[in-house]
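Structure record follows, encoded as structure tokens.
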Amino acid sequence: MIKSKLMMSAIVLLMASIYLPSCKPKNVSSATSGDAAIKSFVAPGKYDEFYNFVSGGFSGQMTVYGIPSGRLFRAIPVFSVDPEKGYGYTEETKPMLNTSHGFVPWDDLHHPALSTTDGIHDGKWAFGNANNTPRVARIDLKTFRTVEIIEIPNSGGNHSSPFITENTEYVVAGTRFSVPMDNNRDVAIDTYKENFRGTVSFINVDKESGRMGIAFQILLPGVNFDLARAGKGKSHGWFFFSCYNSERANTLLEVNSTQKDKDFVMAVNWKKAEEYVKSGKGVKKDVSYAHNVYDEKTHSATSTMEKEVIMLDPKDCPDMVYFMPCPKSPHGCDTDPTGEYIVGSGKLAAIIPVFSFTKIQAAIAAKNFDGDYEGIPVLKYDAVLHGEVKKPGLGPLHTEFDADGNAYTSFFVSSEVVKWKLSDLSVVDRVPTYYSVGHLCVPGGPTKKPWGKYMIAYNKITKDRYLPTGPELAQSAQLYDISGEKMKLILDFPTIGEPHYAEAIPAELLSKNSTKIYRIEENAHPYVAKGEKEAKVERKGNEVHVYMTSIRSHFVPDNIEGVKMGDVVYFHVTNLEQDWDVPHGFAVKGANNAELLIMPGETQTLAWRPDRIGVFPMYCTDFCSALHQEMQGYIRVSPAGANIPLTFSTGKKAAPAPEAAK
Amino acid sequence: MSRKIKNKITKASLLIVLGIAIYSCSTPIRQKNEEASGTASTENAAPAEVSTESKDAKGIGKFTKVELSPTLDVKMATIGKEVYDVKCASCHRLNDEKLVGPGWKDVTQRRTAEWVMNFSTNPDEMLDKDAIAKGMLEECLVRMPNQSLTDDDARSVYEYMRENDGVK
Ligand SMILES: [Cu+2]
């Protein structure tokens, strides 16, 4: 009751401050606050300034919005099947979702990370993490498609991921859930403290191809790793991870993991770790994890099971890992654009601790330790602290930065964003969010060169903000103008799934490189039909392969006979169009998977297992021309022993299929 | 909070939103429109017809003068056939039968090389502005797709059309 009253008054206040003055445009003093709609307005046909890559949370997708309009451009399927695009249903994309557990059609994507060179966005790739079945994905920013997924062994859940180093040397993956490992996995849960361990993985990324591989893992105490950030500039070579549950509780964590006054931010010297790997300090571990790669030439993914990782144990590798005490279950641990400051955010704290990289180095040199935690040195809190932001709000979660030395921290409990100065830690401004903000995004905020201008808050609760839609309400983001001293709310826009972290990048860094078509000449799909002349139907035992073409507005072939019960029909459909934005679709009655959505010059395959005798329609699902509704055909299914020859045609009489090749 | 009060607040905010809707017609937004940068094309003016229906029309595009030899360039025509099979055959027969688009028989008598090559490399502008292309769209009702032919592809395809029309 009290909460909703507060909310209502907040709404009224907001209406008053933002919308009311707009009714009096002649009042000069109100002009700045009356222009909210104008600031987020992008006229029809005009482009936005930024692409916003937003985690789709439990939808398993990554979504792409325009900023400042808040318009949704694309939902990129990453860890979840997407029948709209055939992702995870076509024969070509199924291997993308393969894991050591077999085919996993869903996951929970929390954090996008955009690749950088020298700490600045380079527009090549976006990475995303799977929080449930630990994986890291890479998305090609030319095609906006998921092109690689690597599973993380020795991990219980991959939350502390996929944060990247300055030149995208590494993408990290830290376990949220510690688990028992190796040959010691069937243990009592209450033996957590002795048997459960955490790991952080460093995945290297090839500079040219972007191809990933797990370079090494570090074996760590059984805490929960939450978020992470690489050092940059002067702190390049280091990585910082927040961790909670230093109590190492295995039940009722709500109470049991919040006993200690301080948990940790972990500092990893990854350059040192590289040296240890080189000098053979790592131990090879037998594991099994999937590595799935999509080939843009064959339009097909392959899944390979990898068998080995290199594990570094800090016990054998001195000076590689340190802990720094951080108040109250830290979530964010964010490095500022200079790399000097590391901002911790204790979810249950009422201060924001800011650590200094220079002081961390000095404390390490002076061995200014406060004992150790499970054998890993703990640096003295006061020795590494730059200072604390006092009374900023309740429940700091995550901090982003602008280019002018300001930090923006989200406060979940007090539903607000607080702007403060890194230099003297003074609070400059605060603004409410509606409601319970999680992560923030300032374009370029995690890089050495924040693009600034906007701040976007991703909220957990939207009661009273949108039209009701049953028990579940819209997920939501809020856009603030931060070009002035004061933050100004200028737009609410709904999002897909639960938005966690997001990044934003100037539109011109991506739009100019966007792939428009797949060149048909370069199509190396094994079942491509380059032109209608190559369209055909072939039988291989009980497999019937249809090499089909589509162009506005017909399929070749569109009449197929001679399929029998017990056959599996593979429709390999090649879209012969070579013009941007002319996809064709393909659907056949009774299919147990989904449709195909085939881009110009692409080939995709739908497997169809007819379950009854009859004649079945098939059609194009993507409205392609004035005669789109005519883009259809039939396939006939006869009894298993029937004597119907395999034939196919479009327009003319059926031609006999070539002899069965067995 | 009672439902009634809530409703009142909602109504009040509705009125306020209406306020902004009216305000939004005034100049600031229009200025924003004019200033906006990084844009897609928003050409709205009716396209002017710049080509005639004459048999000598050259169409609209980069090809203004194509040199043709009296005899066939066999090599070029062979490449043209390869391009035809992949990118054109779905819609155009080699005889006079209309499929999606017209059959190609005698096209080299009906159209200039420049017109054919401009149309095959620049179909969208031609379909919007060229009188012949527009007339054909009215008959066929399917816009010829841009099949991303290179200039050389377009020339080779034209040579293949010549071969199809009996040039030796
Ligand atoms: Cu179609």
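Any read-out appearing in this document is the output of simple, stated calculations on the displayed coordinates, not a laboratory observation. Fair warning: this is a prediction, and the values are worked out from it, not measured in the lab. Please note: Cβ atoms are built from the backbone with ideal geometry, for glycine as well, and neighbour counts cover all protein chains shown.
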- Item | Proximal aspartates and glutamates to A:Lys284, defined as alpha-carbon separation beneath 13 angstrom and excluding residues fewer than eight positions away on the same chain | A:Asp182, A:Glu306, A:Glu308, A:Asp313
- Item | Alpha-carbon centroid distance for the pair segment B:58-124 / segment A:382-421, whole angstrom | 66
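Looking at segment A:396-509, how many pairs of lysines come closer than 15 Å at the Cα, when each pair is eight or more places apart or spans two chains?
Details: A:Lys419/A:Lys453; A:Lys419/A:Lys486; A:Lys419/A:Lys488; A:Lys421/A:Lys486; A:Lys453/A:Lys486; A:Lys453/A:Lys488.
Lysine pair count for segment A:396-509: 6.
Which FRET efficiency value, to the nearest 0.05, is calculated for B:Thr64 and B:Lys134 with the Förster distance at 25 angstrom and r the Cβ-Cβ distance? Walk me through the numbers before you get to the answer.
Details: r = 21 Å, r/R0 = 0.82.
So the FRET efficiency works out to roughly 0.75.
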- What whole-number value in cubic angstrom gives the convex hull volume per residue for the C-alpha atoms of the protein assembly as shown? 211
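Using just the alpha carbons, could you tell me how many Å³ per residue the convex hull of segment A:87-154 encloses?
Details: hull volume 6.4 nm³, N = 68.
Value for segment A:87-154: 93 Å³ per residue.
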- Calculate the length of the line joining the C-alpha centroid of segment A:194-260 to that of segment A:495-571, in whole Å. 40
- Both in Å, the radius of gyration and Dmax of the C-alpha trace of segment A:560-662 are 14.5, 45
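Compute the length gained on full extension between A:Arg609 and A:Ala403: take 0.36 nm times their separation in residues and subtract their Cα-Cα distance, giving the result in nm to one decimal.
Working: separation 206, 0.36 × 206 = 74.16 nm, distance 5.76 nm.
Contour length minus Cα-Cα distance gives 68.4 nm.
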- Amide H of B:Ser90: which non-local residues (sequence gap of 5 or more, or other chain) have their own amide H closer than 5 Å, using H built in the peptide plane? A:Glu532
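Listed here are the pairs A:Lys124/A:Lys207; A:Lys512/B:Lys129; A:Lys359/A:Lys380; which of them are more than 18 Å apart at the Cα?
Details: A:Lys124/A:Lys207 10 Å; A:Lys512/B:Lys129 27 Å; A:Lys359/A:Lys380 10 Å.
Check vs 18 Å cut-off fails for A:Lys512/B:Lys129.
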- Note on the structure: Cα-Cα longer than 21 Å, checked against A:Lys285/A:Lys315; A:Lys315/A:Lys367; A:Lys232/A:Lys390, kept in input order, equals A:Lys232/A:Lys390
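Please list the three semi-axes, largest first and in whole Å, of the ellipsoid equivalent to segment A:261-357, using sqrt of 5 times the eigenvalues of its alpha carbon gyration tensor. Spell out each step's value before the answer.
On the way: eigenvalues 232, 91, 40 Å².
Computed over segment A:261-357, the values are 34, 21, 14 Å.
Go ahead and run the numbers for FRET between A:Glu306 and B:Glu82, Cβ-Cβ distance against an R0 of 35 Å, rounding to 0.05.
Working: r = 42 Å, r/R0 = 1.19.
Plugging the Cβ-Cβ distance into 1/(1 + (r/R0)^6) gives 0.25.
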- Over 23 Å, how big is the tail of the calculated P(r) for segment B:45-168, in percent of all Cα pairs? 24
- Message: Neighbour counts of other C-beta atoms within 10 Å: give me B:Met136, A:Met599 arranged from fewest to most.
- Response: B:Met136, A:Met599
- Task: Send over the Kirkwood Rh of segment A:404-451, from the inverse of the averaged 1/r over different Cα pairs, rounded to one decimal Å.
- Result: 11.4
- Message: Cross-link candidates for A:Lys271: which aspartates and glutamates have Cα within less than 14 Å, leaving aside residues fewer than 8 places away along the same chain?
- Response: A:Glu166, A:Glu169, A:Asp319
- Task: For A:Lys94, go through the lysines and keep the ones whose alpha-carbon is under 18 Å away, minus same-chain ones fewer than eight residues off.
- Result: A:Lys85, A:Lys297
